[in-house]
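The values are calculated or read from the model by the stated rules, or taken from the named source; none is laboratory data. Values in this document were obtained by computation on a predicted structure and should not be read as measured data. Using ideal geometry, Cβ is built from the backbone for each residue, glycine included, and neighbour counts are taken over all protein chains shown. Surface areas here come from the heavy atoms of the whole protein model, side chains and all, with no ligands, DNA or RNA. Shrake-Rupley method; radii C 1.70, N 1.55, O 1.52, S 1.80 Å.
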Amino acid sequence: MPRDIGVSGESGHGTGGADGTRQPGGGRPTRRTAAPGRAAGPPAWAGGRPTRESVRESVRSARGLRPVPPGGRGPSVSEPGGQRAAAPAGSPPPGATRVARGAPCWLSLAARDVRAAEEFYGRVLGWCHVPLLGPPGKARSLMLRAGAPVGTIGSTTCESGVHAGWMPYFAVDDVDAAVGRLRDRGATVAVGPLATPAGRAAVAAGPDGAVFGLRPHAPDPRWTVGQGPVGRLELHTRDIFAAALFYGGVLGWAGPGDSCAVEYVHEQIVVRDGARRVAALTQGAAPGTEARYRWHTSFRVADVDAAAAAAVREGGRVIAPPRGSGARREAVLEDRERVPFTVLES
């Protein structure tokens, strides 16, 4: 489990680590994972090729695990006796993005040298940065492309060379309840839940060690996947169907009301916020990770070939050279600290 995982809010940043120990009674979820009180049984696609509806039904069946109280770390979103506070800390500010339940809502990168990371991404991808307030000795910046937010880069003291990479956060109604669902599934909760100026947050590892965060809402109303600088977000995993059950149950995909929808398309499980594709689950290891499974981010650039050349000049590496043409041209690069990412022609 990486030790350089950062939790980011709008005006505060902290880094935390995990000792790699799994929560008691847990293990990686399988296709037979079931909520307490339900009889474990084969998923809807057992015995044949999965269909869009069978994936939806299987994700729905993994929902509804019991919430866990905050446990004394920071202010709770609920008042004593289980009554919800009228104005909980961390409520979305006016104009905050109203993403569907379970949709990605932010990106964060923990770097050993924040200034060097700012320089690399500025010169390679054309980003600029805005320094943010944080604890003493913990540099932190908001990264922007043409005024549109990309995510935050914060400092870490990790020297092991193992990184969580660009880590996505997902929007949930109640971070503490979502952490309870994580622990019920035997997942490793590395950081939190803890209080930040933007509301409660947590960081965990899903199936095969893929690291992700939870927060109540997007910190910037302009942040999206598929439009602007963040082009794609994909989970590379050993078993997309087990992963769909895990994330669907924790994040509330395919649930009632305002939740993300899922469908099986072209050997991927696609996650949609309305008509927008916001994430995908893909079989196999992530590019440039030596058979590791993780969330992988693709960023838009004006010129893929120029970005690849700049990455080499700035001390990074080209993992997969530019291929494709026009809007389909892309390349897989690596920054100075060996964090892989893809660039897409915008």
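Under the condition of being touching a strand residue (DSSP E or B) at 6+ places or on another chain (Cβ under 7 Å) and among the basic types (Lys, Arg), which residue from the range 110-146 is surrounded by the most Cβ atoms within 10 Å (Cβ to Cβ)?
Residue satisfying both the conditions and the ranking: Arg140.
Based on what the data block shows, is Gly284 in contact (Cβ under 8 Å) with a residue 24 or more places away in the chain and either open to solvent by 50 Å² or more (accessible area, probe 1.4 Å) or touching a Phe, Trp or Tyr at 6+ places or on another chain (Cβ under 7 Å) (or both)?
Against the criterion (in contact (Cβ under 8 Å) with a residue 24 or more places away in the chain and either open to solvent by 50 Å² or more (accessible area, probe 1.4 Å) or touching a Phe, Trp or Tyr at 6+ places or on another chain (Cβ under 7 Å) (or both)), Gly284 does not qualify.
Here is a check on your reading of the model: is Val203 at pLDDT below 95, more than 30 Å from Ala302 (Cβ to Cβ), within 13 Å of the chain's Cα centre (by Cα) and in a strand (DSSP E or B)? Break it down stepwise before answering.
Numbers: at pLDDT below 95: yes; more than 30 Å from Ala302 (Cβ to Cβ): yes; within 13 Å of the chain's Cα centre (by Cα): yes; in a strand (DSSP E or B): yes.
Yes.
Determine, yes or no, whether Ala177 is part of a strand (DSSP E or B) and farther than 30 Å from Ala331 by Cα.
So Ala177 does not fit the description; no.
Just the residues that are assigned to a strand (DSSP E or B) and small (Gly, Ala, Ser), please, taken from the range 206-223.
The one that is assigned to a strand (DSSP E or B) and small (Gly, Ala, Ser): Gly213.
Residue by residue through the range 227-252, note down the ones that are under 15 Å from the mean Cα position of the chain (by Cα) and either at pLDDT below 90 or closer than 18 Å to Arg183 by Cα (or both). So that I can check it myself, show each step before the final result.
Restricting attention to the range 227-252, the residues satisfying the condition of being under 15 Å from the mean Cα position of the chain (by Cα) are 230-237, 243-244, 246-248, 250-252.
Hits for the range 227-252 are Ala243, Ala244, Phe246, Tyr247, Gly248, Val250, Leu251, Gly252.
Taking the range 184-235 on its own, how many of its residues are open to solvent by less than 20 Å² (accessible area, probe 1.4 Å) and closer than 15 Å to Trp295 by Cα?
Counting residues in the range 184-235 that are open to solvent by less than 20 Å² (accessible area, probe 1.4 Å) and closer than 15 Å to Trp295 by Cα gives 15.
If Leu245 satisfies all but one of (1) farther than 21 Å from Arg336 by Cα; (2) in contact (Cβ under 8 Å) with a residue 60 or more places away in the chain; (3) out of contact with any Ser or Thr (no Cβ under 7 Å at 6 or more places or on another chain), what's the number of the condition it fails?
(3)
Which one of Thr297, Thr342 is in contact with a Ser or Thr (Cβ under 7 Å, 6 or more places away or on another chain), buried (at least 18 other Cβ atoms within 10 Å of the Cβ) and part of a strand (DSSP E or B)?
Thr342
Given the conditions (1) part of a helix (DSSP H, G or I); (2) open to solvent by 10 Å² or more (accessible area, probe 1.4 Å); (3) of a type in the set (Gly, Ala, Ser), and given that Ala243 satisfies all but one, which numbered condition is not satisfied?
Looking at each condition in turn, Ala243 falls short on (2).
Condition test on Glu263, is it part of a strand (DSSP E or B) and surrounded by fewer than 18 Cβ atoms within 10 Å (Cβ to Cβ)?
yes
Which residues, counting only those in the range 300-339, are open to solvent by less than 20 Å² (accessible area, probe 1.4 Å), small (Gly, Ala, Ser) and in a helix (DSSP H, G or I)?
Ala307, Ala308, Ala310, Ala311
Taking the condition touching a residue at least 40 places away in the same chain (Cβ under 8 Å), assigned to a loop (DSSP other than H, G, I, E, B) and not charged (D, E, K, R), does Pro256 pass?
So Pro256 fails the test.
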